[in-house]
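Read through the structure below, which is laid out as structure tokens, and then see the notes.
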Amino acid sequence: MESDQEDEVPTVNFVPSLLFVKRGVAKANPDKVTLTPAELARIINETREDLEEDGAEGMDTSDDEENEDSQSGLAERASRMAANNPDGTNESVDEYNFDGYEHETGTSGLHLSTVAVIDPTENIHDDEDSDAEDEVIKPTDNLILVGHVQNDTASMEVYIYNEEEGSLYIHHDFLLPSPPLCIEWLSFDPGSDKPGNMCAIGCMEPIITLWDLDIQDSIEPVCKLGSKGNRKKNLPKLGHTDAVLDISWNKHLEHILASGSVDQTVILWDLEEGIPHTTIRDFEEKVQTLAFHPKRAETLLAGSCDGKVKVFDCRSTTDESSSYKMWALGGEVERVCWDHFNEHCFVASTNDGKIHYVDSRQEERPLWTKEVHEQEVTGLVLSAQVKGMLSTASSDGSLKVWDIDERDARMVYKKNPKIGVIQCLDACSESPFTLALGGDLKTKNFCVVNLLDNDVVSNVFKPRYTGNGPANSIEPLTEEMEDASIADE
């Protein structure tokens, strides 16, 4: 199954990141935004100020034309939305205390947006002809968040995928300031005391943006983590100083988000305050991949381009010192993931086409290493519901499925999805045999595949799937976990 493509083939057209969102968390009818003329003017002025500040810091002035185009695109998008509310009136509830935020002091990195003014009683009509049924998100629908770069435009496309109906289409999208390198879903909403439907996005810029997926056609995130600083406003830099390559949300300590960057650091963010809680600097190269442990809130797995993978104990990790175990894998570490059926083990992939299976209790060497692709392994998914089912994707353009254990990996299936160099891979949490892949082929860069279409995969793995594996069994927090924080000694 694949998405509809444009008739005109773009010069640049690729998918650098994507993510499945579980069923039942999205609003059936996402809110739509309206803008007052004053809010539209504020957005354009802030964008202009940011571009001027970037230029003042010595950025390449040859990018001015590109920046102007991006600003023009933002203004055009905003104008279309503002047209839905020409009189500028609005009687909605100020959910995020937008009015008061402008008067707050301090240098917190949490920038609550003033753009989304939502009136749930307002009936906004789309100019485009669309099937009303397609607009409604069903409980059986998965969202697939697809980062898309086309020519000089970066966006996040929110697909609807329904396995029962066999449907796949774009529900809505929103523009991004730069190519989205990583995406993470989280239910923690910094602006609310209720669970949300949020996504954190890391881009080529050092700032992480948080978006509310229940707001349609957003033109600004609900908050930002980090700041490039502003000399005119006397605001200091905060957070990362270079591109953010991966993000991992702590599902047990929901206010904690980890991010890895080209600046050779990992930051543990406190989402309640919007500031870094701890900055880990124990890396000699850029940090490409992160994964919190599925059961132990204090354990963070990180892989970097110095060929090393490390398991941190965040309880005894501070800005000055860290507690970790380390394994040297040789090649640059591309992806990591935990084994849900063996809490001590994880898998790491490297740019030399190899995967490594590691027992975190044994620091000497991995349990085994196997060359599985001709080029770097850019996609790595170890099923949380089907024991031993590992899916890998590579820049060599192939998707492979492996049967792994503590001794070895045996290839079960190989496929060329014909999407060019494969950039990313993810699996549906409710249907582990359904995979989404993103590539760089200009005429086809995104597809969804069902592994059960292959008889061999079905015969090997379907008997192992009971539908109530570790991913579906919600483990109650222990008393210690309920009282834990990332700073516990």
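The values are calculated or read from the model by the stated rules, or taken from the named source; none is laboratory data. Remember, it's a predicted structure, so these values are computed and weren't measured experimentally. Positions of Cβ are backbone-derived with ideal geometry, glycine not excepted, and every protein chain shown enters the neighbour counts. Ligands, DNA and RNA are stripped out before the accessible areas are found, and what is left, the full protein with its side chains, is counted by its heavy atoms. Shrake-Rupley method; radii C 1.70, N 1.55, O 1.52, S 1.80 Å.
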Where the range 142-464 is the region considered: accessible area per residue in Å², 1.4 Å probe: 37
Where N is the number of residues in the range 129-225, Cα Rg divided by 2.2 N^0.38 Å: 1.11
Test item: Cα-centred dipole of the range 142-464, Lys/Arg +1 and Asp/Glu -1 on Cβ, debye: 380
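When ranked by the protection proxy of mean other Cβ atoms within 10 Å per residue, highest first, what sequence do the peptides 367-379, 421-433, 229-241 form? Walk me through the intermediate numbers first.
Working: 367-379: 18.5, 421-433: 21.6, 229-241: 14.4.
In descending order of packing, they fall as 421-433, 367-379, 229-241.
Output needed for the range 368-445: three equivalent-ellipsoid semi-axes, defined as square roots of 5 times the C-alpha gyration tensor eigenvalues, in descending order, whole Å. Write out the running numbers ahead of the final one.
Numbers: eigenvalues 90, 48, 15 Å².
Each semi-axis is the square root of five times an eigenvalue, giving 21, 15, 9 Å.
How much of the accessible area of the range 142-464, in percent, comes from carbon and sulfur atoms when a 1.4 Å probe is used?
42
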Listed residue pairs exceeding 18 Å between alpha carbons, taken from Lys354/Lys414; Lys27/Lys194; Lys286/Lys370; Lys295/Lys370; Lys251/Lys308; Lys310/Lys400: Lys286/Lys370; Lys295/Lys370; Lys251/Lys308; Lys310/Lys400
The range 215-339 - convex hull of the alpha-carbon atoms, volume per residue in Å³: 138
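Which value, to two decimals, describes the C-alpha radius of gyration of the range 142-464 once divided by 2.2 N^0.38 Å? List each step's numbers first, then the result.
Working: Rg = 19.2 Å, N = 323, 2.2 N^0.38 = 19.8 Å.
Against the empirical 2.2 N^0.38 Å value, I get 0.97 for the range 142-464.
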